[in-house]
Amino acid sequence: MSEASTLAAVDALREGAPPSRLRIEAPEPTVDGGRFAVKRCVGDRVDVSADVLRDGHDVLRAVVRARPARPGEPWREHPMVHVDAHVRGDRWAGSFEVDEPGAWVWTVLAWVDPFAAWREEVQRKVEAGLQDLAGELAEGAVMLRAAAARADGERHRTIQAALGLLEDETAGTTARTDVALTHELHVAVEAVQERFEATDMEPHAAVWVDRLRARFSTWYELFPRSWGGFTGVAEQLPRLAELGFDVLYLPPVHPIGETNRKGRNNTLVAGPEDPGVPWAIGLQGVGGHEAIHPDLGTPEEFEALTAAAAARGIDVALDLAIQCSADHPWLTEHPEWFNRRPDGTLKYAENPPKKYQDIYNVNWNTEDWRGLWQAVYEITLGWVQRGVRVFRVDNPHTKPFAFWEWLIEEIHRDHPDVLFLAEAFTRRKVMQQLAKLGFSQSYTYFTWKNAKWELEEYLTELAHGPEREYFRPNLFTNTPDILNAYLVDGGPAAFYIRLLLAATLSPTYGIYSGFEAYENTPLRPGSEEYLDSEKYELKDRALDGPMLPFVERVNAVRCEHPALQRLSNLRWIETESDGVLAYAKRWEQDLVLVVVTLDPRTVQEAVANVPADLGLPPVFAVEDLLSGERFDWHLGRNYVRLDPDFRVAHVLAVRH
């Protein structure tokens, strides 16, 4: 028993009431023993369980109670049952649906059911052939009189009729016990009887409920300055919607500093036409994180973009990067927010071997940390008021955990629909901590997982490990900072393979513009930086890459098939080949089988061993959702041939 529970029991004794004999233990799902909330989306069912036990042999009952975490919100009760009723185990299970975003709480309420215990006793004695049950019937009559006093309508009539026969000593014992054991009587009494020794689970458990986009979304990243600013980006919205993208991610749109501005390909000296890196935020006389770069448009044009995107079902995601150029107004207005060397100079940001001479980090240990926190909150809220409901947060792992927990909670207080994506390519425990304390989605190591064993190991962890309760992976195929060697060396087929994997393994994935045009030239051999990177120069961008028909079809398949909109249903299928990966996803009646080559250079032949426990008949029809072809497959080994120049994958829907 916890210290709090012990103290509560002592207080109860002092007041003359005995402590509860019921125990409710090991509730699931929880994160870190209830320290953090598990995550779900609107419309999800939350499956819960707990150990419910009591000394002795009394019959117990339990319900799960859930409600939005608002003062005065009534509990909604849902039944719980034994996980294994045959052995009368102590584990109970139930579920409830979450139908609105925000914070929810749930608990287990358990009590003793004396009427059910009485019925079981009578049933056993009847089965044993005992005839003298006068005492037992008298006990039952007392309970029925109490239940009848609480009942009305049909329940009252059912209980009263049974009570009349039970108290009729002229009726035979068999008739009296038969009526006592009817299901109708049991149901009527259960509905109205007092809950003896009712005990509530303490503490209550938490669920954070997001809108659906937190779990299922398709991201496209672009630099607005390469598309004609906000008005040019707005012109792309109809095509982006056709392609199936529902989150449009923009790097920082703020004024860019001039001091130490970077030139093309990260050179230290910028030319007069070099626009600078969007992450070098702030320019005196123009503004900082609250301001908009004048070359991109006006605040009104930005708000028109977010409104037009929302009308097409697209969220505009904005980069939230808490760092400054040397020209940011904060350096003069709040010099205490920055670290200075003994000689008074500022140290620029570094992530060896990368150096960011145009960027300075803020001092999170400043004595005015409250002022700094409040400033970031006001900036974030300001962009929410301009229509931003998704933030991609740059390097959150370099800022205090407590700050993010506070900021996200403050924003969610009035805007529970706002989502936060953690761009944190760092240690696994740190990534997990960020997810626990509130981030809706997280970048992952997917970009560097290319071998079959790596993909199976990593996705198994994400789909079935403890992280599944709070960590939602976003499988970006590439970013402006990450051009993986697989894309560099694999040619066009590598792009199709990586997109197909990202889009069908995870409910959420993203691409950075240029991916659909096979951009894969590194700055130098072995570098993950792009040659002529868009971070340092303007590009002439258009939605005309040769991959776009494939992207559009894959995204349509994702929307058409609920099985592809979840991660926890991932099931691996053996292929007898390290060059071919296969998996199944089922949600209710929707079952999709995916077989994809991992080799972008050579033809791969393999088999897909369909297991019998998928619930399929010996022979079943499948339709390739990419090509429209139909095949007959069967349990066991199915031959596949994947050619990177013709077909990199089968995405098969089982047709019933």
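Spin-label model, Phe646 to Thr602: label points 7 Å out along the Cα-to-beta-carbon direction sit 1.8 nm apart. Net charge of the neighbourhood of Leu459, taken over other residues with C-beta under 12 Å away and scored Lys/Arg +1, Asp/Glu -1, is 0. Reported to the nearest whole Å, the Cα centre-to-centre distance from the range 256-279 to the range 386-434 is 28.
Along the axis of the charge dipole computed for the range 273-339 (Cβ charges of +1 for Lys and Arg, -1 for Asp and Glu, origin at the Cα centre), the listed residues Gln284, Ala310, Thr332 are led at the positive end by Ala310. So for the chain, taking the charge dipole from beta-carbon charges (+1 Lys/Arg, -1 Asp/Glu), which of Val98, Leu212, Val603 sits furthest toward the positive end? Going by the Cα projections, it comes out as Val603.
Here Glu202 and Ala134 are evaluated by their C-beta separation; at R0 = 45 Å the FRET efficiency comes out at 0.60.
Within the range 13-103, list the chymotrypsin sites (Phe, Trp or Tyr not before Pro) lying in a DSSP loop whose Cβ has at most 15 other Cβ atoms in a 10 Å radius.
Answer in residue order: Trp75.
Between Ala191 and Glu97, the contour length at 0.36 nm per residue exceeds the alpha carbon distance by 31.6 nm.
Net charge near Pro252: determine it from the other residues with C-beta under 15 Å of the C-beta of Pro252, scoring Lys and Arg +1 and Asp and Glu -1.
Computed value for this residue: -4.
Near Ile314, no amide H atom lies under 5 Å from its own; only residues 5 or more places off or on other chains count, and H is placed 1.01 Å from N.
Counting Cα-Cα pairs of the range 56-210 in 5 Å increments starting at 0 gives whole-percent bin shares of 2, 8, 15, 17, 16, 13, 11, 7, 5, 3, 2, 1, 0. Hey, what number do you get for the chain at 222 nm if only DSSP H runs of n ≥ 4 count, each worth -39500 (n - 2.57), divided across all residues, to the nearest 500? That comes out to -9000 deg cm²/dmol. In this entry, the range 127-278 is assigned a mean projected area of 21.7 nm², taken as a quarter of its C-alpha convex hull surface. Starting from the Cα of Arg239, move 7 Å in the Cα-to-Cβ direction to define the label point; list residues of the range 292-321 whose amide nitrogen is under 19 Å from there. It comes to 305-306, 308-310, 312-316, nothing else.
On a per residue basis, the chain carries 44 Å² of accessible surface, using protein heavy atoms and a 1.4 Å probe. Annotation for Val286 and Glu623: the two label points, set 7 Å from Cα along the Cα-Cβ direction, are 5.3 nm apart.
All distinct Cα pairs of the chain go into the 1/r average, and the inverse of that average, the Kirkwood radius, is 28.8 Å.
I'm checking a number: the convex hull volume of the Cα atoms of the range 105-196, normalised per residue, in Å³. What is it?
Dividing the Cα hull volume of the range 105-196 by its residue count gives 104 Å³.
Peptide packing for 566-572, 545-551, 368-374 was compared via the average number of neighbouring C-beta atoms within 10 Å per residue; ordered from the highest value, the list is 566-572, 545-551, 368-374.
The mean of 1/r over all pairs of different alpha-carbon atoms in the range 500-656, once inverted, gives a Kirkwood hydrodynamic radius of 17.2 Å. Taking the Cα centre of the chain as reference, the dipole from Cβ charges on Lys and Arg (+1) and Asp and Glu (-1) amounts to some 620 debye.
Charge tally around Leu499: other residues with Cβ under 12 Å, Lys/Arg +1 each, Asp/Glu -1 each, net +1. Take 398-404, 39-45 and order them by the average number of nearby Cβ atoms within 10 Å per residue, most first; the result is 39-45, 398-404.
Per the Debye calculation on the range 318-472 with a single equal scatterer at every Cα and no solvent contribution, log₁₀ I(q)/I(0) for q = 0.13 Å⁻¹ amounts to -0.70. Dividing the radius of gyration of the alpha carbons in the range 471-554 by their Kirkwood radius gives 0.95 for Rg/Rh.
Taking the charge dipole of the range 346-487 about its Cα centre, with +1 at Lys and Arg Cβ atoms and -1 at Asp and Glu Cβ atoms, the residue from Asn478, Leu407, Tyr348 reaching farthest to the positive side is Asn478. The count of lysine pairs in the chain that are at least 8 places apart or cross chains, and whose C-alpha atoms lie under 18 Å apart, stands at 14.
Across the range 459-596, the mean sequence separation of Cα contacts (distance under 8 Å, 6 or more residues apart), normalised by length, yields a relative contact order of 23 percent. Counting only protein heavy atoms and a probe of 1.4 Å, the accessible surface of the chain is 51% carbon and sulfur. Please list, in chain and number order, the residues 5+ apart from Thr479 or on another chain whose amide H is under 5 Å from its amide H, with Hs placed from the backbone. Result for Thr479 returns nothing. A simple spin-label model places the labels of Ala175 and Glu154 2.5 nm from each other, with each point 7 Å out along Cα-to-Cβ. Normalised by the number of residues in the chain, the mean separation of alpha-carbon contacts (under 8 Å, six or more apart) gives a relative contact order of 10 percent. Note on Arg341/Asp532: beta-carbon distance plugged into 1/(1 + (r/R0)^6) with R0 of 25 Å gives a FRET efficiency of 0.15.
The values are calculated or read from the model by the stated rules, or taken from the named source; none is laboratory data. The structure presented is a predicted model; accordingly, all values stated were derived computationally and were not measured. Backbone-built Cβ (ideal geometry, glycine too); neighbour counts: all protein chains shown. Side chains are part of the model used for accessible areas, which takes the heavy atoms of the whole protein and leaves out ligands, DNA and RNA. Shrake-Rupley method; radii C 1.70, N 1.55, O 1.52, S 1.80 Å.
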